[in-house]
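Structure first, commentary second.
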Amino acid sequence: VQLQASGGGLVQPGGSLRLSCAASGNIFSINVMGWYRQAPGKQRELVARITSGGTANYAGFVKGRFTISRDNAKNTMDLQMNSLKPEDTAVYYCSAISWSMENYWGQGTLVTVSS
């Protein structure tokens, strides 16, 4: 499975960004897809994840600001991020977990929230 993340960039506080992740390869093996992030000097943390059936889970710090979605027909996953804060600044990684519990990672896309 190969994952390609896109959509990062520079945005002002309170602004919005939409991240996208495109999956290729053995896509039928994918169960859960998700977004993680890693800020400088911090550990990678879960942002949100979504199952193949569409059940979504979010980290507490999301607090209704982010929405994860998935299009199984197009093999894509998006993360709509609204009301962005400076503390959301991080490299965001797309991930996928197969039914056999193998974990795959995309290359990461940088999100910078700054005025």
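The values are calculated or read from the model by the stated rules, or taken from the named source; none is laboratory data. All values derive from a computational prediction rather than experimental measurement. As a convention, Cβ positions derive from the backbone with ideal geometry for all residues, glycine included, and neighbour counts pool all protein chains shown. Note: accessible area is taken over every heavy atom of the protein model, side chains too, but ligands, DNA and RNA are not part of it. Shrake-Rupley method; radii C 1.70, N 1.55, O 1.52, S 1.80 Å.
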Identify the single condition in (1) in a strand (DSSP E or B); (2) open to solvent by less than 30 Å² (accessible area, probe 1.4 Å) that N57 does not satisfy, given that it satisfies every other one. (2)
Going residue by residue through segment 77-91, is there one that turns out to be farther than 28 Å from Q12 by Cβ and open to solvent by 50 Å² or more (accessible area, probe 1.4 Å)? no
Scanning segment 85-113 for residues that are over 11 Å from the mean Cα position of the chain (by Cα), closer than 17 Å to K42 by Cβ and part of a loop (DSSP other than H, G, I, E, B) gives K85, T89
Quickly run through segment 13-42 and pick out the residues that are surrounded by 14 or more Cβ atoms within 10 Å (Cβ to Cβ), modelled with pLDDT of 95 or more and of a type in the set (S, T, Y). S20, Y36
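Every residue, every condition in (1) of a type in the set (A, V, I, L, M, F, W, C); (2) touching a Cys at 6+ places or on another chain (Cβ under 9 Å), yes or no:
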site: A23; (1), (2): yes, yes
site: R44; (1), (2): no, no
site: G53; (1), (2): no, no
site: N57; (1), (2): no, no
site: M77; (1), (2): yes, yes
site: N82; (1), (2): no, no
site: K85; (1), (2): no, no
site: A90; (1), (2): yes, no
